[in-house]
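Participant: Quick one: the structure is below, questions incoming.
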Amino acid sequence: GDLGPCSWASKLGPYRCDSRNRPGAPTSSSPKPRAPRGTTPIPPAGLLSGKRRSRMAANFWTSSHSKQLLDPEEVDVVPAADRERGVTPVEFRLVKIHMSFHIWRLAQQVKVRQRVIATAITYFRRVYTRKSMTEYDPRLVAPACLYLASKVEESTVQARLLVFYIKKMCGSDDKYRFEIKDILEMEMKLLEALDYYLVVYHPYRPLLQLLQDAGITDLTQFAWGLVNDTYKMDLILIYPPYMIALACIYIASVLKDKDTTSWFEELRVDMNIVKNISMEILDFYDTYKIDPQRGLQEDKIIPVMNKLPSKA
């Protein structure tokens with residue numbers, strides 16, 4: 001569910017839509033809920049009250065996912081090979097949005113759970129913090145990520161089905177014509193690029209637990225739609241999943257006039273971080289006018305994709 005224009009963000013108080021001007025905007029020095037690499041992080045104290053929240057946070061902090069959280073400035077760096085092809089940071093972001101949407105459309109065809117889609121997009125975005133789009137064609141990486149995620153999440157999709165539906169979706173575009181062996185070969189390259197760390201935690205489970213804890217389960221559908229939309233961004237590579245869930249609950253509760261102030265205070269989480277994530281989400285809606293069914297406008301994305309070499 002797309003939220004719509006960022007003018008709604010005026011309800012969030014002094015935080016403005018322009019991330020460069022708002023107080024508390026993330027900077028390289030902003031505190032984030034992560035520990036130095038190689039250490040075992042301790043979840044915020046408030047999250048340890050109550051068995052549900054304790055399990056939710058503790059499992060994540062002992063996972064390989066937590067050790068791979070990145071700083072924002074590490075995520076949107078355009079690799080040298082792509083810069084040489086004239087790909088700008090804005091265009092790099094557009095390709096990731098476009099191909100995340102491509103994964104979602106392909107997943108609708110092969111009928112997999114939302115969790116599989118979310119894992120596939122996380123793999124896709126993580127790969128491009130390490131590899132270039134020139135070297136790893138996103139048109140092929142996208143279905144290979146979906147294939148790998150379907151195995152990891154125990155909802156295996158056959159590679160031949162992916163090949164069939166890509167041809168059906170992309171028609172005469174030869175740049176999207178792949179064979180089964182292409183997907184299988186890329187799967188092996190992806191495993192290496194991901195350092196074989198395949199476990200991904202998502203905001204969906206903590207979202208449901210936290211909504212129940214707050215007594216606002218009537219916001220589930222709205223907040224769930226917000227979480228879906230966070231995968232059009234790199235948030236899952238930067239923040240713990242439960243913090244993303246809290247940001248989506250924060251947006252939903254403010255926009256639906258639910259008073260959750262005392263509940264958030266009891267959690268004792270850093271509200272600056274929750275609000276910063278919230279504003280990143282709302283800024284995204286304001287910046288990218290994305291059709292929820294068709295994705296980015298073709299005139300925006302085709303010239304960018306044409307800068308990239310194709311595997312096919």
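Participant: Mind listing just one residue for me: the one in region 278-293 that is without any contact (Cβ under 8 Å) to a residue 40 or more places away in the chain and closer than 30 Å to Ile183 by Cβ and, of those, surrounded by the most Cβ atoms within 10 Å (Cβ to Cβ)?
Facilitator: Restricting to residues being without any contact (Cβ under 8 Å) to a residue 40 or more places away in the chain and closer than 30 Å to Ile183 by Cβ, the top hit is Asp291.
Participant: Any idea which of (1) hydroxyl-bearing (Ser, Thr, Tyr); (2) surrounded by 15 or more Cβ atoms within 10 Å (Cβ to Cβ); (3) in a helix (DSSP H, G or I) is the one Ser310 doesn't satisfy?
Facilitator: (3)
Participant: Tell me whether region 150-166 contains one or more residues that are assigned by TED's automatic domain parsing to the domain that holds Pro79, touching a residue at least 60 places away in the same chain (Cβ under 8 Å), in contact with a helix residue (DSSP H, G or I) (Cβ under 6 Å, 6 or more places away or on another chain) and open to solvent by less than 10 Å² (accessible area, probe 1.4 Å).
Facilitator: yes
Participant: Right, Lys275: farther than 18 Å from Ile216 by Cα, among the basic types (Lys, Arg) and assigned to a helix (DSSP H, G or I) or not?
Facilitator: yes
Participant: Then there is this: So for region 219-242 (the condition being charged (D, E, K, R), assigned to a helix (DSSP H, G or I) and farther than 30 Å from Pro89 by Cβ), does at least one residue qualify?
Facilitator: The answer is no; no qualifying residue exists.
Participant: With respect to Val87, is the statement that it is assigned to a helix (DSSP H, G or I) and open to solvent by less than 20 Å² (accessible area, probe 1.4 Å) true?
Facilitator: no
Participant: Right, next: Can you spot a residue in region 228-247 that is at positive phi and not polar (S, T, N, Q)?
Facilitator: The answer is no, given that none of the residues of region 228-247 is at positive phi and not polar (S, T, N, Q).
Participant: Moving to a separate point now. Leu146 versus (1) crowded, with 19+ Cβ neighbours inside 10 Å; (2) in contact with a strand residue (DSSP E or B) (Cβ under 9 Å, 6 or more places away or on another chain): which is the lone unmet condition?
Facilitator: (2)
Participant: Also, I was wondering about something else. Could you please let me know if Leu296 is outside the structural domain of Val95 (by TED's automatic domain parsing) and surrounded by 20 or more Cβ atoms within 10 Å (Cβ to Cβ)?
Facilitator: Taking the combined requirement at face value, the residue does not satisfy it.
Participant: Condition check: open to solvent by 10 Å² or more (accessible area, probe 1.4 Å), within 22 Å of Pro241 (Cα to Cα) and either acidic (Asp, Glu) or not in a loop (DSSP other than H, G, I, E, B) (or both). Does Arg130 satisfy that?
Facilitator: For Arg130, the condition - open to solvent by 10 Å² or more (accessible area, probe 1.4 Å), within 22 Å of Pro241 (Cα to Cα) and either acidic (Asp, Glu) or not in a loop (DSSP other than H, G, I, E, B) (or both) - is not met.
Participant: Conditions: (1) part of a helix (DSSP H, G or I); (2) without any contact (Cβ under 8 Å) to a residue 60 or more places away in the chain. Leu190 meets all but one. Number of the miss?
Facilitator: (2)
Participant: Quick check on Ser100: is it open to solvent by less than 60 Å² (accessible area, probe 1.4 Å), of a type in the set (Gly, Ala, Ser), closer than 26 Å to Tyr288 by Cβ and more than 17 Å from the chain's Cα centre (by Cα)?
Facilitator: So Ser100 fails the test.
Participant: Is one or more of the residues making up region 176-189 among the aromatic types (Phe, Trp, Tyr) and surrounded by fewer than 19 Cβ atoms within 10 Å (Cβ to Cβ)?
Facilitator: Within region 176-189 (the criterion being among the aromatic types (Phe, Trp, Tyr) and surrounded by fewer than 19 Cβ atoms within 10 Å (Cβ to Cβ)), the answer is no, since none of the residues qualifies.
Participant: Need pairs with beta-carbon distance below 7 Å; first residue hydroxyl-bearing (Ser, Thr, Tyr) and within region 252-269, second open to solvent by 20 Å² or more (accessible area, probe 1.4 Å); sequence gap 6+ or separate chains.
Facilitator: Listed by first residue and then by second, the contacts come to Thr260/Ala214.
Participant: Just to be sure, is Ala142 in contact with a Leu (Cβ under 8 Å, 6 or more places away or on another chain), closer than 22 Å to Trp224 by Cβ and aliphatic (A, V, I, L, M)?
Facilitator: For Ala142, the condition - in contact with a Leu (Cβ under 8 Å, 6 or more places away or on another chain), closer than 22 Å to Trp224 by Cβ and aliphatic (A, V, I, L, M) - is not met.
Participant: Could you tell me whether any residue of region 160-175 is within 25 Å of Glu84 (Cβ to Cβ), of a type in the set (A, V, I, L, M) and part of a helix (DSSP H, G or I)?
Facilitator: Among the residues of region 160-175, not one is within 25 Å of Glu84 (Cβ to Cβ), of a type in the set (A, V, I, L, M) and part of a helix (DSSP H, G or I), which makes the answer no.
Participant: Same structure, new question: Just give me the residues in region 60-82 being assigned to a loop (DSSP other than H, G, I, E, B) and either in contact with a helix residue (DSSP H, G or I) (Cβ under 8 Å, 6 or more places away or on another chain) or modelled with pLDDT of 90 or more (or both), in sequence order.
Facilitator: Gln68, Leu69, Leu70, Asp71, Asp76, Val77, Val78, Pro79
The values are calculated or read from the model by the stated rules, or taken from the named source; none is laboratory data. The structure presented is a predicted model; accordingly, all values stated were derived computationally and were not measured. Every residue, glycine among them, receives a Cβ derived from its backbone with ideal geometry; neighbour counts consider all protein chains shown. For the accessible areas, the whole protein counts, side chains as well, though only heavy atoms, and no ligand, DNA or RNA atoms are used. Shrake-Rupley method; radii C 1.70, N 1.55, O 1.52, S 1.80 Å.
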